[in-house]
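*Asks:* Encoded as structure tokens, here's the structure I'll be asking about.
The values are calculated or read from the model by the stated rules, or taken from the named source; none is laboratory data. Values in this document were obtained by computation on a predicted structure and should not be read as measured data. When we count neighbours, we look across all protein chains shown, and the Cβ atoms used for this are built from the backbone with ideal geometry, even at glycine. Each accessible area value is taken on the protein alone, full model and side chains, heavy atoms only, with ligands, DNA and RNA left out. Shrake-Rupley method; radii C 1.70, N 1.55, O 1.52, S 1.80 Å.
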Amino acid sequence: MLGYLIEKEFKQIKRDFILPKLILLFPFIALILLPYAANFEFKDIRVVVVDNDKSSYSNQVLNKLRANTSININYFEDTYVKAMELIHEDRADMIINIPLGFEKDYIVNKKSNILIAVNTVNGIKGSISAMYAQNIISDFSHEKNFSIQVLNSPKMEIQLLYSFNKTLNYKFFMVPALMVMILTLICGFLPAFNIVGEKEKGNMEQINVSPITKPVFILSKLIPYWIIGAIVISIGFLVAWLFYGITPQGSIFTVYLFSFIFTLAISGFGLVLSNYAQTYQQAVFMMFFFIMILILMSGLYTPFTSMPPWAQTIGSFSPLKYFIDVMRCVYLKGSNIVELLPQLYALLGFVVVVNTWAILSYRKKN
Amino acid sequence: MEDVIIVKDLTKRFGHFVAVDNISFNVKKGEIFGFLGANGAGKTTAMRILCGLSRPTSGEAMVGGFDIRHETEKIKKNIGYMSQKFSLYQDLKVWENIKLFAGIYGMKKNEIALKTDILLNELGFEKEKDTLVKDLPLGWKQKLAFSVAIFHNPKIVFLDEPTGGVDPITRRQFWEMIYDASQKGITVFVTTHYMDEAEYCDRVSIMVDGRIEAMNSPKELKREFNAENIDEVFRLLAKKSTRKEI
């Protein structure tokens, strides 16, 4: 019985004018275009230098900075106050202040400091610029085997980016997370819209008077999209590899395992909504409503840990958050299942809760 | 003849609204039973209960020998259903719709293939086997929907205003199909708004405000109400309605 229904779903999808093209195009567009839209790499960071030391060591630091393509040293000023004026006039983004006695401190104490002040009107640009500079200086200090204390750098929560994405390439951060979006849309949205569509067209009534049991009917809706989801996510892995050279540091098996569990959760979520929506319009609007929240609270674009605690609490109810975590960890850090157990439990929790809810709300409507 | 539908004191309430008010009737095997009533009289609600789509508030009913409260799944295996709203898949071909629904009712693959050809032949649809259902004219669609509803040879077929919007010639052909089905022993339970169609039924019941106000053969009904035709009988009874049209 299930076989006949799945065959029917595939025929309908294949015959649809838009769906098959869009499904195939989707991983390409999402992975090739979107990483650029969500690009947080900053070029042409305008720097004003206040070199109070004018020593050989301070000069070496500056040369290091000049070597970085993102950083342009545009001005030299004598005092910090004058440098600050340039920031106020928006002619510079960052001040690098090397104190008097920088070189001497190194020789005597093996320890010195540099002050970085950043314009954080655009907070993200500010933190990332500061991090670039900080990175360069700490490289220098490693070379020279002494420690430079960087003062006044804004507090940042970018451990993942910092530690496991040495080139600071934002695409490495976005691509694994965008695959989560793809699965959400294909395995969460499409089957739900499909069910509401049948309800609206009246096909559902015919199905309801037939001996098809509810689980069989629901499975007949989900299985085709699971298969499509598996294909599309595989295309996604391929695109990530071909275009960006991004491959999971961890095992691909872990990625597929979590993809499958996440798919169960997000399709269950779609089913819950499809049970409440009577029309396509309602379904589309509900999906948009929830997906906006789920995505923006999930840490796809902004680091989850930089949200205020109450927002993190809300965000922790988004299965996307956990799966995005997993994808980034496996792709960038090479985490294994044992390290990802908290996410595994969270996702399994979602699977149980939403699917139970889906079954209960389905009965209620009859 | 055995009774395939036995309804006793069936009631369905939605809040304070009594959609079906304590109705009782029996339908015999192979009978064509016309279920008439104005819009909102409770026909569709009663029919949905008998099909296992809705639960009654009180009362009992047996359909095809199964209890409508506890054995809806068994009922569903033994009935066919055609709703007012066309419910075959428009984006599937004629043969694909037949195959799908036959498959759902557990028919074997080769049996389906064989019967499909016979059916298309009978309907004169051979050329339309590969046509998408959405490209068929309405009358053809309705004929196909009925054929699909009885394809698995159910004990009873429920037809909810099957001929709405269909031209007179096709309606006539449709009723010939209903007669054929009845000849084969399939009980036909049909709601309609066309009073001339009511004349074709073996027996009709007329519902007013959730109650059955009259039930008999068309001939007896006309005599009982001293009317020319069923249309007149219907008007006499429908006047009693105090319910607003919904």
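*Asks:* May I ask you to verify whether B:F35 is facing chain A (nearest Cβ under 9 Å) and either more than 30 Å from A:K11 (Cα to Cα) or not polar (S, T, N, Q) (or both)?
*Replies:* Working: facing chain A (nearest Cβ under 9 Å): no; either more than 30 Å from A:K11 (Cα to Cα) or not polar (S, T, N, Q) (or both): yes.
Here the answer is no, as B:F35 does not meet what is asked.
*Asks:* (1) modelled with pLDDT under 95; (2) open to solvent by less than 20 Å² (accessible area, probe 1.4 Å); (3) more than 9 Å from chain A (Cβ to nearest Cβ): which one isn't true of B:M82, the others all being true?
*Replies:* (3)
*Asks:* Follow-up. Looking only at the range B:108-142, how many residues end up being buried (at least 19 other Cβ atoms within 10 Å of the Cβ) and within 10 Å of chain A (Cβ to nearest Cβ)?
*Replies:* 1
*Asks:* Let me ask another. Step by step: first the residues of the range A:188-210, then only those that are surrounded by fewer than 18 Cβ atoms within 10 Å (Cβ to Cβ) and among the small types (G, A, S), then the one that is nearest to the other protein chains (Cβ to nearest Cβ). Which residue is that?
*Replies:* So, considering only residues that are surrounded by fewer than 18 Cβ atoms within 10 Å (Cβ to Cβ) and among the small types (G, A, S), the one nearest to the other protein chains (Cβ to nearest Cβ) is A:G202.
*Asks:* I'm told A:S153 meets every condition in (1) modelled with pLDDT of 80 or more; (2) assigned to a loop (DSSP other than H, G, I, E, B) except one. Can you identify the failing condition by its number?
*Replies:* (1)
*Asks:* Could you grab me the full set of residues in the range A:75-90 that are more than 35 Å from the chain's Cα centre (by Cα) and closer than 10 Å to A:V48 by Cβ? Reasoning before the result, please.
*Replies:* Narrowing the range A:75-90 to residues more than 35 Å from the chain's Cα centre (by Cα): A:75-83, A:85.
Within the range A:75-90, A:Y75, A:F76, A:E77, A:Y80, A:K82, A:A83, A:E85 qualify.
Residues are listed down the side, and each one gets a yes or a no for (1) within 30 Å of A:F26 (Cβ to Cβ); (2) small (G, A, S); (3) at pLDDT below 85:
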position	(1), (2), (3)
A:G123	no, yes, yes
A:S127	no, yes, yes
A:I136	no, no, yes
A:L161	yes, no, yes
A:M179	yes, no, no
A:L185	yes, no, no
A:S210	no, yes, no
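*Asks:* May I pose another question? From the list A:E85, A:E103, which residue is assigned to a helix (DSSP H, G or I), surrounded by 13 or more Cβ atoms within 10 Å (Cβ to Cβ) and touching a Ser or Thr at 6+ places or on another chain (Cβ under 9 Å)?
*Replies:* Matching residue, one of A:E85, A:E103: A:E103.
*Asks:* Still on this structure: Looking at the range B:17-51, which of its residues are surrounded by fewer than 20 Cβ atoms within 10 Å (Cβ to Cβ), more than 22 Å from B:C201 (Cα to Cα) and touching a residue at least 24 places away in the same chain (Cβ under 8 Å)?
*Replies:* Correct list: B:V18, B:D21, B:N22.
*Asks:* Quick check on my filter: what residues within the range A:211-223 are buried (at least 18 other Cβ atoms within 10 Å of the Cβ) and away from every other protein chain (no Cβ under 14 Å)? Break it down stepwise before answering.
*Replies:* Here is the first cut: in the range A:211-223, the ones buried (at least 18 other Cβ atoms within 10 Å of the Cβ) are A:211-212, A:217-218, A:220-222.
Scanning the range A:211-223 gives A:I218, A:L222.
*Asks:* For residues that are loosely packed, with under 15 Cβ neighbours inside 10 Å and touching a residue at least 24 places away in the same chain (Cβ under 8 Å), scanning just the range B:7-16, find the one that is farthest from the chain's Cα centre (by Cα).
*Replies:* Within the range B:7-16, the first condition is being loosely packed, with under 15 Cβ neighbours inside 10 Å, and the residues that meet it are B:8-9, B:13-16.
Still in the running and touching a residue at least 24 places away in the same chain (Cβ under 8 Å): B:8-9, B:13.
Details: B:K8: 19, B:D9: 21, B:R13: 22 Å.
This residue is B:R13.
*Asks:* Of all residues in the range B:153-168, how many are open to solvent by 10 Å² or more (accessible area, probe 1.4 Å) and either in contact with a Gly (Cβ under 8 Å, 6 or more places away or on another chain) or assigned to a loop (DSSP other than H, G, I, E, B) (or both)?
*Replies:* Selection size over the range B:153-168: 7.
*Asks:* For the range A:1-79, please list each of the helices (runs of 4 or more DSSP H) lying entirely inside it that holds at least 3 residues being within 14 Å of chain B (Cβ to nearest Cβ).
*Replies:* Values: elements: A:2-15, A:19-37, A:56-67.
Fully inside the range A:1-79 and qualifying: A:2-15.
*Asks:* Can you pull out every residue in the range B:131-155 that is in contact with a helix residue (DSSP H, G or I) (Cβ under 7 Å, 6 or more places away or on another chain) and of a type outside the set (A, V, I, L, M)?
*Replies:* Of the residues in the range B:131-155, the ones in contact with a helix residue (DSSP H, G or I) (Cβ under 7 Å, 6 or more places away or on another chain) are B:131, B:133, B:136, B:139, B:141-144, B:146-148, B:150-152, B:154-155.
Result: B:T131, B:G139, B:K141, B:Q142, B:K143, B:F146, B:S147, B:F151, B:H152, B:P154, B:K155.
*Asks:* Hey, another quick one. When the residues of the range A:287-338 are filtered to those that are at pLDDT 85 or above and of a type in the set (F, W, Y), which remaining residue is nearest to A:K171 (Cα to Cα)?
*Replies:* Filtering the range A:287-338 for residues that are at pLDDT 85 or above and of a type in the set (F, W, Y), the one nearest to A:K171 (Cα to Cα) comes out as A:Y331.
*Asks:* On to the next question. Is it the case that the range A:51-69 has a residue that's farther than 18 Å from A:F140 by Cα and either open to solvent by 30 Å² or more (accessible area, probe 1.4 Å) or outside the structural domain of A:L183 (by TED's automatic domain parsing) (or both)? Give the steps one after another, and end with the answer.
*Replies:* Filtering the range A:51-69 down to residues farther than 18 Å from A:F140 by Cα leaves A:52.
If we keep only those that are either open to solvent by 30 Å² or more (accessible area, probe 1.4 Å) or outside the structural domain of A:L183 (by TED's automatic domain parsing) (or both) as well, we get A:52.
Yes, the range A:51-69 contains at least one residue that is farther than 18 Å from A:F140 by Cα and either open to solvent by 30 Å² or more (accessible area, probe 1.4 Å) or outside the structural domain of A:L183 (by TED's automatic domain parsing) (or both).
*Asks:* Take the residues of the range B:87-98 that are surrounded by 20 or more Cβ atoms within 10 Å (Cβ to Cβ) and more than 7 Å from chain A (Cβ to nearest Cβ): which is nearest to the chain's Cα centre (by Cα)?
*Replies:* In this case the residue turns out to be B:L88.
*Asks:* Is it the case that the range B:201-217 has a residue that's free of Cβ contacts under 8 Å to residues at least 60 places away in the same chain and in a helix (DSSP H, G or I)?
*Replies:* Let us first name the residues in the range B:201-217 that are free of Cβ contacts under 8 Å to residues at least 60 places away in the same chain, namely B:213-214, B:216-217.
Cutting the leftovers down to in a helix (DSSP H, G or I) gives us none.
Checking the range B:201-217: not a single residue is free of Cβ contacts under 8 Å to residues at least 60 places away in the same chain and in a helix (DSSP H, G or I).
*Asks:* Moving on to the next point. Within the range A:232-279, restricting attention to residues that are open to solvent by 10 Å² or more (accessible area, probe 1.4 Å) and among the small types (G, A, S), which residue is modelled with the lowest pLDDT?
*Replies:* A:G245
*Asks:* If you don't mind, another one. When only residues in the range B:54-79 that are open to solvent by 50 Å² or more (accessible area, probe 1.4 Å) and facing chain A (nearest Cβ under 8 Å) count, which is farthest from B:W140 (Cα to Cα)?
*Replies:* Filtering the range B:54-79 for residues that are open to solvent by 50 Å² or more (accessible area, probe 1.4 Å) and facing chain A (nearest Cβ under 8 Å), the one farthest from B:W140 (Cα to Cα) comes out as B:E73.
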